[in-house]
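Worksheet: the structure to be examined is printed underneath.
The values are calculated or read from the model by the stated rules, or taken from the named source; none is laboratory data. The shown structure was predicted, so the numbers you read here are calculated from the model rather than taken from an experiment. Don't worry about glycine lacking a Cβ; one is built from the backbone with ideal geometry, like all the others, and counts go over all protein chains shown.
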Amino acid sequence: MKRNCPDQTLRAEIHVHTTASDGSMSPDQLIKLAKKKHLDTIAITDHDTFRGASLALRISKLMDDPPLIIPGAEIRTVDHGDIIVLCQEPHEDYPKYLDELKDWGKENNCILIAAHPYHIGRHSIGKSIKENLDLVDAIEVWNSRGVPLLNYPAIRLAEETGKPYTSGSDAHVPRELGTSPILYCDDIREPADLFDLITSKKIIPVFGVPGPVTLAEIVAWAIIKRLG
Ligand SMILES: [Zn+2]
């Protein structure tokens, strides 16, 4: 998973939530913060909706030098937990079973990533990822939320199988944004360019961990959501 960029290192945050699902940031706030944090690409991956990504795309067209927006969603499949789907454009309908989602993704030039596969107590594909590895394009080997140790089986699986890998902060609050981006070297113009970099393993995952202040913000947001 090691690769150094000779000229420039670019950063993509590809697992983020907005107010279109359970995040605290509106798409507008998210893009502005991404720019401030020098993130070059953002994939917006709200739970079961591309609405956050649609709004972000519209807003980014009005901005000077916006980050590249990748339309995405974190889809809760009926049979295999949460799957991150990154596409060329937002979609309204998609299948809910992983094998059908895989075919649909192929037809629509999307890629599928198994989100936090071994995290306990979350909606994840779990151990069945081994026999269903062909149904995803990549494994999220590092997810900053939850217990860091639970990422290690995913790293091992990617190393053993040669499967492409990603990392993601799974940001729901501002401080989390950019904790675990993927790094890449080449200038990209459209989502398909990033998908090529991921599937050809030309990215470097970042294994970040939220600091204490970020953790406090995460807990505060969880309380607000519960009360709200
Ligand atoms: Zn998520």
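Of all residue pairs spaced 6 or more apart or on separate chains, those with beta-carbon atoms under 9 Å, a first member in the stretch 37-57 that is touching a residue at least 24 places away in the same chain (Cβ under 8 Å) and in a loop (DSSP other than H, G, I, E, B) and a second member that is β-branched (V, I, T) and within 15 Å of the ligand (Cβ to nearest atom) are D48/I75; F50/I44; F50/V85.
The rows are residues; the columns are (1) farther than 22 Å from D46 by Cβ; (2) modelled with pLDDT of 95 or more; (3) crowded, with 19+ Cβ neighbours inside 10 Å; (4) not acidic (D, E).
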residue: R58; (1), (2), (3), (4): no, yes, no, yes
residue: M63; (1), (2), (3), (4): no, no, no, yes
residue: Q88; (1), (2), (3), (4): no, yes, no, yes
residue: W104; (1), (2), (3), (4): no, yes, no, yes
residue: N108; (1), (2), (3), (4): no, yes, no, yes
residue: G121; (1), (2), (3), (4): no, no, no, yes
residue: D137; (1), (2), (3), (4): no, yes, yes, no
residue: N143; (1), (2), (3), (4): no, yes, yes, yes
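Those residues that are within 19 Å of I139 (Cβ to Cβ), in contact (Cβ under 8 Å) with a residue 24 or more places away in the chain and of a type in the set (D, E, K, R), I need them from the stretch 77-101; list them, please. Selection gives D82, D99.
If only residues of the stretch 102-120 that are in a loop (DSSP other than H, G, I, E, B) and touching a residue at least 24 places away in the same chain (Cβ under 8 Å) are counted, the one that is nearest to I84 (Cα to Cα) is A115.
Scanning the stretch 155-179 for residues that are aliphatic (A, V, I, L, M) and within 15 Å of the ligand (Cβ to nearest atom) yields A171, V173, L177. Looking only at residues in the stretch 5-21 that are out of contact with any Phe, Trp or Tyr (no Cβ under 9 Å at 6 or more places or on another chain), part of a loop (DSSP other than H, G, I, E, B) and in contact (Cβ under 8 Å) with a residue 60 or more places away in the chain, the one that is surrounded by the most Cβ atoms within 10 Å (Cβ to Cβ) is H17.
Taken over the stretch 34-56, the criterion of being over 22 Å from K202 (Cβ atoms) and either within 16 Å of the ligand (Cβ to nearest atom) or buried (at least 19 other Cβ atoms within 10 Å of the Cβ) (or both) is satisfied by I44, D46, H47, D48, T49, F50, R51, G52, A53, S54, L55, A56. Does F207 satisfy the criteria of being more than 15 Å from the ligand (Cβ to nearest atom), closer than 14 Å to I14 by Cα and part of a loop (DSSP other than H, G, I, E, B)? It is true that F207 is more than 15 Å from the ligand (Cβ to nearest atom), closer than 14 Å to I14 by Cα and part of a loop (DSSP other than H, G, I, E, B).
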